[in-house]
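Input: a single structure, listed below in structure tokens.
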Amino acid sequence: MFETMRRDVQVVFNRDPAARSVLEVLLCYPGLHAVWGYRLGHWLWTHGAKLLARWISHIVRGLTGIEIHPGAKIGPGLFIDHGMGVVIGETSEIGEGVTLYHGVTLGGTSLEKVKRHPTLEDRVVVGAGAKILGAITIGECSRIGANAVVVKPVPPNSVVVGVPGEVIVRSQPRLVKAVPDLEHGILPDVIGDSLISLMARVEDLEQRVDGLHEPVAAPHAPSLGAWRGEDFSI
């Protein structure tokens, strides 16, 4: 038990540069408290004391703002950063080394008493506010962008953005699998890139109709990551 607790504390130091001391982690990290509460509740759940397990889960939810159903299956190394508003449903399965940020929901999409919540494989990172819904699998080493809504399976080594979530498979797998992918600012602009391509195609066709046969560069492309207002009727 003490080895498990020591490992949980070390996970915080590994993934949060704001952690300064063991005492601070023990006193000020609700994600850690929620994981410990889950561990107790899950033990009771698997030993037949389901009502007591749910009551403990309810108490921990009130103290931390994190709701983890004691029936969920969670592997070692889960880190919940900030944590407020996190919900993990009953049939959720979480692998090793997963990171969740505040506002994340692992939700169900069925009223049947079957597997109805997501499965997160090893080293998945889920950004703030993301919703993963249904009995789908998120492949290992994938990153779910903030506020994405994921309703279909995600292959390993992917990035998901948008509503509904668009899956972008990495061109190269992550080489350092032991380190979680926390580059939240590096997200593909699927809609923007598609729009640029479409506008370039339309402009090219218009030029060809007017008798110009050489292709033209993409119009209205964003400069330094920002779309310019003069290109639009706003």
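The values are calculated or read from the model by the stated rules, or taken from the named source; none is laboratory data. On a predicted model such as this, the values are computed, not experimentally measured, just so you know. Counting neighbours? That spans all protein chains shown, and the Cβs are built from the backbone with ideal geometry, glycine included.
Name, by its number, the condition in (1) surrounded by fewer than 16 Cβ atoms within 10 Å (Cβ to Cβ); (2) within 21 Å of the chain's Cα centre (by Cα); (3) at positive phi that does not hold for GLY48. Of (1) surrounded by fewer than 16 Cβ atoms within 10 Å (Cβ to Cβ); (2) within 21 Å of the chain's Cα centre (by Cα); (3) at positive phi, only one is false for GLY48: (2). Close contacts from the stretch 41-67, counting a first residue that is under 17 Å from THR105 (Cα atoms) and a second that is surrounded by fewer than 15 Cβ atoms within 10 Å (Cβ to Cβ) and of a type in the set (Val, Ile, Thr), with Cβ to Cβ under 9 Å and a gap of 6+ residues or different chains, come to none at all.
Criterion applied to GLY37, GLY71, GLY65 was being in the same structural domain as PRO118 (by TED's automatic domain parsing), in contact with a Pro (Cβ under 7 Å, 6 or more places away or on another chain) and not polar (S, T, N, Q), and the one residue passing it is GLY65. Each residue in the stretch 144-160 was checked for being hydrophobic (A, V, I, L, M, F, W, C), under 14 Å from PRO188 (Cβ atoms) and either in contact (Cβ under 8 Å) with a residue 40 or more places away in the chain or surrounded by fewer than 18 Cβ atoms within 10 Å (Cβ to Cβ) (or both), and 1 pass. Taken over the stretch 51-74, the criterion of being basic (Lys, Arg) and more than 23 Å from the chain's Cα centre (by Cα) is satisfied by ARG54 alone.
In this structure, GLY107 does not qualify as touching a residue at least 24 places away in the same chain (Cβ under 8 Å), out of contact with any Leu (no Cβ under 7 Å at 6 or more places or on another chain) and not aromatic (Phe, Trp, Tyr).
This table checks each residue for (1) among the hydrophobic types (A, V, I, L, M, F, W, C); (2) surrounded by fewer than 17 Cβ atoms within 10 Å (Cβ to Cβ).
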{"position": "LYS115", "(1), (2)": "no, yes"}
{"position": "PRO118", "(1), (2)": "no, no"}
{"position": "SER142", "(1), (2)": "no, no"}
{"position": "VAL163", "(1), (2)": "yes, yes"}
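Evaluation of THR64 against the conditions (1) crowded, with 21+ Cβ neighbours inside 10 Å; (2) among the polar types (S, T, N, Q); (3) closer than 20 Å to ASP122 by Cβ shows that the sole unmet condition is (3). Here is a check on your reading of the model: is ARG20 surrounded by fewer than 20 Cβ atoms within 10 Å (Cβ to Cβ) and outside any helix (DSSP H, G or I)? Answer is yes for this residue.
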